[in-house]
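What follows is one structure encoded as structure tokens, with my remarks underneath.
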Amino acid sequence: MTEETGVRELWDGTYRALLPWTLVPPDDLNGRCRESVTAALAVSWGGCDDAVLDAPGTEEQIHAVLAARTAYGLGWRDAVLGDVAARARSAGLGDGPAGLWAPAGRGGRGRGRPLRPTLRGDLAFFAVHPWASELELLRAVRCAVEADADDPRAALGALLRSAWQRHATERRGWDDAEWWQYLDVAALASWAVVALALPAPDPARAGADVEEAAEAAGPRDWTWAGTGLPDGFLDAAFHALGI
């Protein structure tokens, strides 16, 4: 098996494993994580009752919350993906989409500080599912592909237009990142390649090609106040993916 074949096979396996989780509402995903983190803290601290939760949090407590969240995420990842992540690491294929194949020690350990008046509020803020955002992207991909499974152009076009509509409302007036970064164009295109079974050996490279098309098509002064995706972008994206 070549490296390119191995990369695509692992992307496909990752997508299949995650797909059922796109049916779980985000609030439920985060709620399960928060419950697990709270239980871990109770074991570590000898209790985590209302008196603790309703008092202001400390930096030490927030560090513990983030460590418990990381442990929960890794356990969830390994249970859901099975041997996919281990195979990717053994083959030296990198951290994978959203770091799903990364070894346990990779990434920041999270040295946060309290941001809410109580520890309960900090738990609601910090103890969220580590891959909730990625699952949200997959949820959008699944919905677009289910609606137009036989027409890759229609599916990808609907996916990217809906991403614009969602983020233009949320981010209108923001200028700290490019529009295609807010839309997660690269990630959406990568997962769409997998979901549509397009013949790309490395979905990440395909997603990067679509992001480059977005950068080339988007005027430098393009803002959220525009009417939608820049003219020519979708055609350039279709060309980049050969559809």
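The values are calculated or read from the model by the stated rules, or taken from the named source; none is laboratory data. Small disclaimer: the values here were computed from a predicted structure and weren't measured. Backbone-built Cβ (ideal geometry, glycine too); neighbour counts: all protein chains shown. Just so you know, the surface numbers come from the protein's heavy atoms only, side chains and all, with ligands and any DNA or RNA stripped out. Shrake-Rupley method; radii C 1.70, N 1.55, O 1.52, S 1.80 Å.
Is it the case that some residue within the range 73-93 is assigned to a helix (DSSP H, G or I) and over 24 Å from residue 190 (Cβ atoms)? So far as the range 73-93 goes, yes, one or more of its residues are assigned to a helix (DSSP H, G or I) and over 24 Å from residue 190 (Cβ atoms).
Exactly one residue out of 129, 167 is outside any helix (DSSP H, G or I) and either under 19 Å from the mean Cα position of the chain (by Cα) or closer than 21 Å to residue 17 by Cβ (or both), and it is 129.
Every condition in (1) surrounded by 15 or more Cβ atoms within 10 Å (Cβ to Cβ); (2) of a type in the set (A, V, I, L, M, F, W, C); (3) outside any helix (DSSP H, G or I); (4) at pLDDT below 95 is met by residue 101 except one, and the failing one is (4). In the range 59-74, is there at least one residue being farther than 14 Å from residue 119 by Cα and touching a Leu at 6+ places or on another chain (Cβ under 7 Å)? Yes, the range 59-74 contains at least one residue that is farther than 14 Å from residue 119 by Cα and touching a Leu at 6+ places or on another chain (Cβ under 7 Å).
This table checks each residue for (1) among the hydrophobic types (A, V, I, L, M, F, W, C); (2) within 19 Å of residue 24 (Cα to Cα); (3) open to solvent by 60 Å² or more (accessible area, probe 1.4 Å); (4) touching a residue at least 12 places away in the same chain (Cβ under 8 Å).
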residue	(1), (2), (3), (4)
112	no, no, no, yes
124	yes, yes, no, yes
136	no, yes, yes, yes
152	no, no, no, yes
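Out of 120, 89, which single residue is open to solvent by 30 Å² or more (accessible area, probe 1.4 Å) and under 16 Å from residue 30 (Cβ atoms)? Can you show your working first?
Working: 89 fails: under 16 Å from residue 30 (Cβ atoms).
One residue alone meets the criteria, 120.
If only residues of the range 211-225 that are in a loop (DSSP other than H, G, I, E, B) and touching a helix residue (DSSP H, G or I) at 6+ places or on another chain (Cβ under 7 Å) are counted, the one that is nearest to residue 96 (Cα to Cα) is 218.
Residues in the range 223-242 that are over 15 Å from residue 161 (Cβ atoms), at pLDDT 75 or above and surrounded by 12 or more Cβ atoms within 10 Å (Cβ to Cβ): 239, 240, 241. Residues in the range 182-210 that are open to solvent by 60 Å² or more (accessible area, probe 1.4 Å) and either part of a helix (DSSP H, G or I) or of a type in the set (D, E, K, R) (or both): 184, 205.
Taking the range 1-60 as the region of interest, the helices (runs of 4 or more DSSP H) fully inside it that hold 3 or more residues being open to solvent by 80 Å² or more (accessible area, probe 1.4 Å) are 3-18, 26-45.
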